[in-house]
Amino acid sequence: MIAEIIMNSSVKNLDRTFDYSIPFELEDKITIGSRVFVKFGNIKKLKEGFVVNIKEKSEFEAKPISKVEERDFIDEPKIKLAKWMAKRYFCNVSDCIKLMLPPGTGTNNLENRAKEKTLRFVRCLKTSEEIEFDIENKKLKSEKQIRALRFLCNNNEISSKDLEELSDVSTAILKTLEKNRYIEFYEQAVERNPFMHKVITSNQKLVLTEEQQAAYKAVEDSIDDIMNSEFLLFGVTGSGKTEVYLQLIEKVLSMGKTSVMLVPEISLTPQTVDRFIARFGQKKIAILHSKLSVGERYDQWYKIKNGEAKIVIGARSAIFAPINDLGLIIIDEEHDSSYKSEMTPRYNVKDVSRYLAKEYSIPIVYGSATPDMDTYYKATIGEIELLELTKRANNASLPNINIVDMRRELANGNRSSISMKLYDNIKQNLQDKKQTILFLNRRGYSTFILCRDCGYVAKCKHCNIALTYHSKENKLKCHYCGYETLPVGYCPDCKSKNIQYSGSGTQKLEEEINKIFPSAKTIRMDVDTVSKKNSHEDILNKFKNENIDILIGTQMVVKGHHFPNVTLVGVIFADGSLNIEDYRANERTFQILTQVAGRAGRENNKGNVIIQTYNPDNLSIEFSKKQDFKLFYQTEIMIRKQLKYPPFCDIILIGFSSENEINVIESAKFIYMSLKEKIIKEKLKIILYKPVPAPIDKIKNKIRWRIIIKCKFDDEIIDALNRSIEELKNKNIKNVKTVIDINPTNMM
């Protein structure tokens, strides 16, 4: 038998199959999806590959497979998915397969792979009657040996470490008992449980409102009829979307099937997990996200694969969990940009979910208070069924929203980040023992350092981007490549000491709040404060349970969290997401302002939101004040249609990067001419724009150019792009990385 193997490599030339013979002794162990190790070329170490097909014979002289990993493998449907993704996202099949492997196994180094965690256990080889007989007949005299054996008899099997501690005996005592055949040691796999620290009171399902019941029934019918359907659960913030999810998952659970619940932010995962554990218990739930240790993710992966977990909760990559009885996919906060990967493979979790939903004939539920324009457009034309929740749960009212024009604050002499209105509201909130969230989507202390004499701005030496000042470490940092340097206190160009630290980040805002309100307890949540394991959960729990007055944070704090005592939300700089070179700037601004406003007044207390801006007349800011998504959508969709932006087309970004600028430009121009020729000859419906430098034209010492295409993405376009890329490869322009990104979330 011959196995067709794809090597674990991102080299484009290796994105094809190689024939290897299956040794007789491995025939029962190797199937499609097996991970194998083979001799490849002149490489001394064994090379990892994946079996993608098995056939009777080969036209080549095939080397034998050297080794197979019997435990860590994927199934045939996942190989099929990987091939589909590789074609759609212009990458190697092995790049996609790696997403589906057990965590910690995507390395060619066999010794460094994640493995089961095992502990040394002890079991008694004699009955308690036999032991007592030996004690009576003086065969057992040692008090410590007797104590250990009696303890072991009363507690059955126990780890050797626990036995030593609880019966107060040494390892030497246990070894003597082993030698005398009273006990034996053995290794046993134990689960690294990420829920160990959680103590959660169980709860019962709630009675659904009329709107919730209608939404539930629509999806339930699709589940019962085994239909591939898509639903948009469009509900205002606090309308009880999660309760609908919980009851749908309970329905799927009753059928013996597995549900996937995707959330966009790691910071949302603990809160979601808590609600699910309270309803379903720990045993049925598995979580998958990057803040777990590799070992924890490995154990959770096998908990799913073995069918022990029927509810999978996690961020984007959880869609690749090893499920073979999938019954439902839920994508919460479906508008969030984190559902699109910015690294190879540049997949969108919605595309992958649609593929899986068709394969399993199951429904997908998208949930959001501010849906993605594309999703809502599909709902308006009937491609997705629209389910609406127009009222908050418990009849809580939506918060009052006030817009503060910061230009007037400046004119009145207020140069603080906090407007007078926000100051008064925070002060009142502190007196009322209520909590406040302050949102600023910039981390660090100052966003850039400027010389006021010559205009010099401190930039990263590897990227064409301003460095951000972090006061705690007294360092300038690049948020693109991680470069760090110390501020010198004078201008390197003109030697002036007239240096200004401009702009404000969360670190500076926290310092300012502590000065203005010295008695207030504050806590900060951004990338810099959640680097440690469970730190995001710790911060949220402290804010909720330890009478913290003010939570300061980036977009981590705005989505999905439920804090009953939060009655005030302040948006410090609403214009941050407006001033970017992206056609979605208005949409993202509206979404983030509406989401952050939704954190206020979610219980019986009325909520207040204060949005500070230098552009109070901007449509997205005006509409967020009204919290009227439909009004915003109607305005924005007209602009999109006129300018031929999604959802009326797809945008394809072809990026070129290299340390050699001449090679980058040559590659970009070659692809442009190649595609232009195909558009004319093959009458392709493509709007092709000339190659230009990227908005950030240097990152990590790589010069960056790009080409933008507008089209309706289909197999014909895929074929044309692949042929042009192949032609570029044959031209042999060295050291230029070319990437193709479909509907990118980052246009920079």
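Brief remarks follow.
- In region 120-172, residue modelled with the highest pLDDT [restricted to those that are polar (S, T, N, Q) and more than 21 Å from TYR186 (Cα to Cα)]: SER142
- Scanning region 238-279 for residues that are over 29 Å from LYS606 (Cα atoms) and either outside any helix (DSSP H, G or I) or at pLDDT below 90 (or both) returns MET255, GLY256, LYS257, THR258, SER259, VAL260, MET261, LEU262, ILE277.
- When residues of region 592-604 are limited to those that are of a type outside the set (Val, Ile, Thr) and crowded, with 18+ Cβ neighbours inside 10 Å, the one nearest to the chain's Cα centre (by Cα): GLN595
- PHE73 aromatic (Phe, Trp, Tyr), part of a loop (DSSP other than H, G, I, E, B) and surrounded by 14 or more Cβ atoms within 10 Å (Cβ to Cβ): yes
- Residue in region 94-107 that is modelled with pLDDT under 80, under 48 Å from the mean Cα position of the chain (by Cα) and either farther than 27 Å from VAL349 by Cα or of a type in the set (Gly, Ala, Ser) (or both) present: yes
- Region 1-29 - residue that is under 18 Å from LYS80 (Cβ atoms) and not polar (S, T, N, Q) and, of those, surrounded by the fewest Cβ atoms within 10 Å (Cβ to Cβ): ARG16
- Checking TYR645 against (1) closer than 22 Å to TYR89 by Cβ; (2) in contact with a Pro (Cβ under 9 Å, 6 or more places away or on another chain), the condition it does not meet: (2)
- Enumeration of residues in region 1-43 that are in a strand (DSSP E or B) and of a type in the set (A, V, I, L, M): ILE2, ALA3, ILE5, ILE6, MET7, VAL36, VAL38
- The set of residues from region 378-416 being under 24 Å from THR436 (Cβ atoms) and in contact with a strand residue (DSSP E or B) (Cβ under 6 Å, 6 or more places away or on another chain) comprises PRO399, ASN400, ILE401, ASN402, ILE403, VAL404, MET406.
- Number of residues in region 231-254 that are of a type in the set (A, V, I, L, M, F, W, C), touching a strand residue (DSSP E or B) at 6+ places or on another chain (Cβ under 9 Å) and under 27 Å from ALA597 (Cα atoms): the value is 6.
- Qualifying residue in region 44-55 (condition: assigned to a helix (DSSP H, G or I) and either among the aromatic types (Phe, Trp, Tyr) or over 26 Å from the mean Cα position of the chain (by Cα) (or both)): no
- Scope region 303-329; condition touching a residue at least 60 places away in the same chain (Cβ under 8 Å) and either more than 20 Å from LEU81 (Cα to Cα) or in contact with a Ser or Thr (Cβ under 7 Å, 6 or more places away or on another chain) (or both); matching residues: LYS303, ILE311, ILE323, ASP325, LEU326, GLY327, LEU328, ILE329
- Residue in region 342-365 that is within 24 Å of SER624 (Cα to Cα) and either without any contact (Cβ under 8 Å) to a residue 60 or more places away in the chain or not hydroxyl-bearing (Ser, Thr, Tyr) (or both) present: no
- First in region 503-528 and under 16 Å from ILE572 (Cα atoms), second anywhere and part of a helix (DSSP H, G or I) and hydroxyl-bearing (Ser, Thr, Tyr), Cβ under 6 Å, 6 or more apart: ARG524/THR506; ASP526/THR506
- Residues in region 605-614 that are buried (at least 18 other Cβ atoms within 10 Å of the Cβ) and over 20 Å from LYS391 (Cα atoms): ILE610, ILE611, GLN612, THR613.
- In region 549-558 there is at least one residue matching the filter, namely being modelled with pLDDT under 80, surrounded by 17 or more Cβ atoms within 10 Å (Cβ to Cβ) and closer than 23 Å to SER397 by Cβ.
- Index of the failed condition, LEU208 passing every other in (1) over 29 Å from LYS303 (Cα atoms); (2) at pLDDT 95 or above; (3) hydrophobic (A, V, I, L, M, F, W, C): (2)
- For CYS463, the test of being surrounded by fewer than 17 Cβ atoms within 10 Å (Cβ to Cβ), assigned to a loop (DSSP other than H, G, I, E, B) and in contact with a strand residue (DSSP E or B) (Cβ under 8 Å, 6 or more places away or on another chain) is failed.
- Contacts under 7 angstrom Cβ, first residue in region 79-96 being at negative phi, partner buried (at least 21 other Cβ atoms within 10 Å of the Cβ) and among the hydroxyl-bearing types (Ser, Thr, Tyr), 6 or more apart: MET85/TYR347; TYR89/TYR347
- Number of residues in region 574-591 that are surrounded by fewer than 23 Cβ atoms within 10 Å (Cβ to Cβ) and modelled with pLDDT under 85: the value is 8.
- Listed by first and then second residue, the pairs linking a residue in region 720-748 that is under 19 Å from ASN660 (Cα atoms) to a residue that is part of a strand (DSSP E or B), with Cβ atoms under 6 Å apart and 6 or more places separating them unless they lie on different chains, are ASN735/SER658; VAL736/PHE656; VAL736/SER658; LYS737/SER657; THR738/PHE656; VAL739/GLY655.
- Answer residue from region 616-653, given it is surrounded by 18 or more Cβ atoms within 10 Å (Cβ to Cβ) and polar (S, T, N, Q) and is farthest from LYS690 (Cα to Cα) among those: GLN627
- Qualifying residue in region 474-484 (condition: modelled with pLDDT under 90 and loosely packed, with under 14 Cβ neighbours inside 10 Å): yes
Each row is one residue, and each column tells you yes or no for (1) in contact with a Gly (Cβ under 9 Å, 6 or more places away or on another chain); (2) under 30 Å from PRO399 (Cβ atoms).
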| position | (1), (2) |
| --- | --- |
| ILE437 | yes, yes |
| CYS454 | no, no |
| ILE465 | no, no |
| SER471 | yes, no |
| LYS475 | no, no |
| PRO492 | no, no |
| GLN507 | yes, yes |
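- Residues that are among the hydroxyl-bearing types (Ser, Thr, Tyr) and closer than 19 Å to ILE696 by Cα, drawn from region 449-483: TYR456, THR468, TYR480, TYR483
- The set of residues in region 280-300 that are at pLDDT below 80, among the aliphatic types (A, V, I, L, M) and surrounded by 19 or more Cβ atoms within 10 Å (Cβ to Cβ) contains only LEU292.
- In region 485-531, the residues that are modelled with pLDDT under 85, farther than 15 Å from TYR469 by Cβ and surrounded by 19 or more Cβ atoms within 10 Å (Cβ to Cβ): THR529, VAL530
The values are calculated or read from the model by the stated rules, or taken from the named source; none is laboratory data. Quantities reported herein were computed from a predicted structural model and do not represent experimental measurements. FYI the Cβ positions are ideal-geometry reconstructions off the backbone, even for glycines, and counts take in every protein chain you see.
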